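Enquirer: I am attaching a structure below and will ask some questions about it afterwards.
The values are calculated or read from the model by the stated rules, or taken from the named source; none is laboratory data. Just so it is clear, the structure is predicted and the values come from calculations on it, not from any experiment. Glycine gets a Cβ as well: all are built from the backbone with ideal geometry, and neighbour counts include every protein chain shown.
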Amino acid sequence: MKTSLIYLSFFLLLPYGKQMTFAAQEEKVRLEELDEYWDEVSRTVREGDFEGYKATCHEKGVLVSGNKKTSYPLSQALARWKKDFTATKTGKTKAKVEFRFSQRFSDETTAHETGIFLYSFTDLEGNWKREYVNFQALLLKGKDGWKIMMEYQQSRSTKDEWDTLAPETQ
């Protein structure tokens, strides 16, 4: 009798295990898509591809600055940043951005990512500068892929905090 109950329990739980496996696979695919999104953001900054960067942003996106205690349309930030993209594209400066995450929540069409980004750039004399920023991002997935809807640059961060989020492979 005990053996029959064990087998019965196994067969009742088997579909649940398959659902969990499917959900885990869906999450893995979604995280890969989001990683590709952040890789594209990094590429556009590195290459000074303003139009490419703009394409990663939702047309009604919002930038929130914790340091400045302000919130405004991302389109205004893009207009301000365009000169930096142009300087990178023409070789006057260099720039790059990297992302590390402490939390990643998502479903099929929404994602909330929390972490630190490291924005590195050269000044006009060619000296590298680094800015570590705690941030949150709210993304929406539409027919043309993931777009950032809200970028919340919370506060300055540090290299030590950045290092705590280092990928396990490093």
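Enquirer: Residue check: is Lys60 at pLDDT 95 or above and either surrounded by 10 or more Cβ atoms within 10 Å (Cβ to Cβ) or of a type in the set (S, T, N, Q) (or both)?
Expert: Yes: the conditions hold for Lys60.
Enquirer: A further question on this structure: Can we say Val41 is in contact (Cβ under 8 Å) with a residue 12 or more places away in the chain, within 15 Å of Ala137 (Cβ to Cβ) and in contact with a Pro (Cβ under 7 Å, 6 or more places away or on another chain)?
Expert: No; evaluated as a whole, the condition is false for this residue.
Enquirer: Mind listing just one residue for me: the one in segment 97-106 that is at pLDDT 95 or above and in contact with a helix residue (DSSP H, G or I) (Cβ under 8 Å, 6 or more places away or on another chain) and, of those, surrounded by the fewest Cβ atoms within 10 Å (Cβ to Cβ)?
Expert: Among residues in segment 97-106 that are at pLDDT 95 or above and in contact with a helix residue (DSSP H, G or I) (Cβ under 8 Å, 6 or more places away or on another chain), the one surrounded by the fewest Cβ atoms within 10 Å (Cβ to Cβ) is Glu98.
Residue-by-condition table, conditions (1) of a type in the set (Phe, Trp, Tyr); (2) over 19 Å from the mean Cα position of the chain (by Cα); (3) at pLDDT 95 or above:
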| site | (1), (2), (3) |
| --- | --- |
| Ala77 | no, no, yes |
| Lys83 | no, yes, yes |
| Gly91 | no, yes, no |
| Ala95 | no, no, yes |
| Thr109 | no, no, yes |
| Gly115 | no, no, yes |
| Gln136 | no, no, yes |
| Ser155 | no, no, yes |
